[in-house]
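Everything on this sheet refers to the single structure shown next.
The values are calculated or read from the model by the stated rules, or taken from the named source; none is laboratory data. Note that this is a predicted model, so its numbers are computed, not measured. Cβ placement follows ideal geometry from the backbone for every residue including glycine, while neighbour counts extend to all protein chains displayed. All accessible areas refer to the heavy atoms of the entire protein, side chains included, with ligands and DNA or RNA removed. Shrake-Rupley method; radii C 1.70, N 1.55, O 1.52, S 1.80 Å.
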Amino acid sequence: MSPSQRKAHDENLIKTNSPSIFNSNKSDFMKLKQQINSILLDALQQAGIEAQAVQVSDASKPEFGDYQYNGIMALAKQQKRNPREIAAEVVAHIPTDGMIARAEVAGPGFINLWLDTNWVSQSVQMLVGDARLSVDTVDTPSKVVVDYSSPNMAKQMHVGHLRSSIIGDTLANLFAFLGDEVIRQNHIGDWGTQFGMLIAYLEEMGEDGSGSLSDLEQFYKDAKGRFDADAAFADKSREYVVKLQGGDVHCLHLWDNFIDKSLGHCEEVYSKLGVNLTREDVRAESSYNDELAGIVTALDDKGLLTLSDGAQCVFLEGDENPFLVQKSDGGYLYATTDLAAIRYRVQTLGADRISYVVDARQAGHFRQLFSVARQAGFAKPDTRLEHVSFGMMLDKSGRPFKTRDGGTVKLIDLLEEAVIHAKEAITSREAYSDEELERIAEIVGIGAVKYADLSIHRDSNYIFDWDKMLSFEGNTSLYLQYAYARIQSILRRYEGEVSGAIILTTDPERALALKLLQFEDMLHRAAAESLPHYITTYLYELATLFMKFYETSPILKDDVDEVTRQNRLQLSVLTGETIQRGLGLLGIGVLERL
RNA sequence: GCACUCUUAGCUCAGCUGGAUAGAGCAUCGGUUUGCGGUACCGAAGGCCACAGGUUCGAAUCCUGUAGAGUGUACCA
């Protein structure tokens, strides 16, 4: 994706492509839970009960309605009153002539709420023709920096970069869709002693190096081999590190060339993965080099530094280990660079929130980093700094994901394998041309890899299993893509224009419609907690409800009257659009036929 | 040693501010077919939520301890 395409991508996430005529008053129908909360709060006040904020939750069972409020018991305790009595008073003040049709006290003092079916019908009608599916943007947009992927230029991207790249990209897409201004930052590792060796070797291989750099992994191994075997080469490598840091033109040229090629490899992976990172988003480690001395000075001015064993450290309260910002030999560390990056992001980019999508092993580093950044004033007190951590990728037997001989798995190889597995999985009912099969397998295979990762809680380790991720059964991308294709099939068969009103009459229709309405609440929750698996869980539930609806509710059969048919077609269209939008946020494509 | 994270059905995982009888999928067993795409749907069975205490009207969820697993622990990033 080119920079201009990327820009268009983000803008499209916010823009409403085909404005609904209902947009003017759509806020009346938006943010389901907030509206219910506010109705409940009013009722509490009218019943003379003090409450700060109330939060309803989804009903735990269908018998308990659509939503339930569990907070009465706690309030009753504060007031030393009987919870059922209070609940009854509150229920008496809940209007049941609009959004809510029924409110009941249950058990020790739960309040169960049923939404009015007509209200649901009208609300879902609002989604028709709205490219945003009535998902509102946030009231006050933030500037959000999402720091993700961040590969090291010395080596080829491997599976260790997969999770950061796709979780980060999803969050960036999500924040943008919800109206925040997103600044993607690819903090690539392009500096350090190994680059002396690499450029010295590049020089030997011929400066252009385009041939020898085609396999970075091999290039690194070869260079390391030379380094270990030849003392003269090793000396030259060390000399080149110094020269590079000193701004030597020849070495810088070699280095530029090397980084350019290496970044090119990354872009190949991003393109195949459908990750929206461009060169515009690259802000390399080396770009902070000139600021590092100033960072140390600034920390010193604040009185935060202690010299310990010759190194400049910040000692943090309750922390055994210091935060090192300058080595005893005067060199700087990644801690220093990270501080410079925070300062840049807050002070120059104007970030309100910075999300670091980095694996869980670095939790300690980020805790220290954030603490020091605040103490030094690089981040404001209200700057939201968060480590969006994630667990490891494990193989089927629960061990860290490696190649058969224990090496790291190159990301590009993994993705190619995904496409091969996908071809096997989609033994199709119709014969595809080779070209078509390739296209479908790519969308299915890459989608499966991404979905498998995004569908589990990011904090836990997850088992990488081809068979499971490429199954049509269970919570997989294929199940969703199949549901989508099925919907498109109906629409193709119908051929006419879908234009009727949504009038919900049956339970499966109603359940599906309500789920469609909950898309917005779910997205805001996923964004607030930076948890992509809320999206996949929702989409799977949505698709499941659609399948049930589909089984029980004929659409195109001869004996279906036109009003019912239009109603059901509309629900199908909306379901398809929601699946497409949801998967789109995850960077996963859909297919018209499968 | 210390710190952090984790432990939910045979397996892979959900479980929002503490709430009602802890939910899915896979696998197992049993159903649905003159099917708008059956790669679907319905049902059954499967649980001491690691263990022991505590707080609470109420705990998978909060606190303490124990066991097991993983990760991190000053001059790499």
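Before moving on, here are some points about what is shown:
- Among the residues of segment A:500-529, those that are among the small types (G, A, S) and in contact with a helix residue (DSSP H, G or I) (Cβ under 7 Å, 6 or more places away or on another chain) comprise A:G500, A:A501, A:A511, A:A513, A:A526, A:A527.
- Tally, over segment A:410-428, of residues that are in contact with a Leu (Cβ under 9 Å, 6 or more places away or on another chain) and either open to solvent by 70 Å² or more (accessible area, probe 1.4 Å) or among the β-branched types (V, I, T) (or both): 3
- Looking only at segment A:94-151, and only at residues there that are open to solvent by 40 Å² or more (accessible area, probe 1.4 Å) and basic (K, R), the one that is nearest to A:I166 (Cα to Cα): A:K143
- In segment A:453-487, the residues that are of a type outside the set (G, A, S), within 6 Å of RNA strand B (Cβ to nearest atom) and in contact with a Lys or Arg (Cβ under 7 Å, 6 or more places away or on another chain): A:I463
- Among the residues of segment A:73-106, the ones that are in a helix (DSSP H, G or I) and near RNA strand B (Cβ under 7 Å from one of its atoms) come to 3 in all.
- Which numbered condition A:Y494 misses (of (1) in contact (Cβ under 8 Å) with a residue 40 or more places away in the chain; (2) surrounded by 14 or more Cβ atoms within 10 Å (Cβ to Cβ); (3) within 27 Å of A:K396 (Cβ to Cβ)): (3)
- Matching option when the condition is modelled with pLDDT under 95, open to solvent by less than 50 Å² (accessible area, probe 1.4 Å), within 16 Å of RNA strand B (Cβ to nearest atom) and in a helix (DSSP H, G or I), among A:L244, A:L254, A:L213, A:L202: A:L244
- Among the residues of segment A:303-339, those that are surrounded by 13 or more Cβ atoms within 10 Å (Cβ to Cβ) and more than 9 Å from RNA strand B (Cβ to nearest atom) comprise A:L304, A:L305, A:V314, A:L316, A:V325, A:L339.
- Qualifying residue in segment A:7-22 (condition: at pLDDT 70 or above and open to solvent by less than 40 Å² (accessible area, probe 1.4 Å)): yes
- Here A:S237 clears all of (1) under 30 Å from A:L171 (Cβ atoms); (2) in a helix (DSSP H, G or I); (3) of a type in the set (S, T, N, Q) except the condition numbered (1).
- Residue within segment A:35-44 that is open to solvent by 70 Å² or more (accessible area, probe 1.4 Å) and either out of contact with any Lys or Arg (no Cβ under 9 Å at 6 or more places or on another chain) or more than 12 Å from RNA strand B (Cβ to nearest atom) (or both) present: yes
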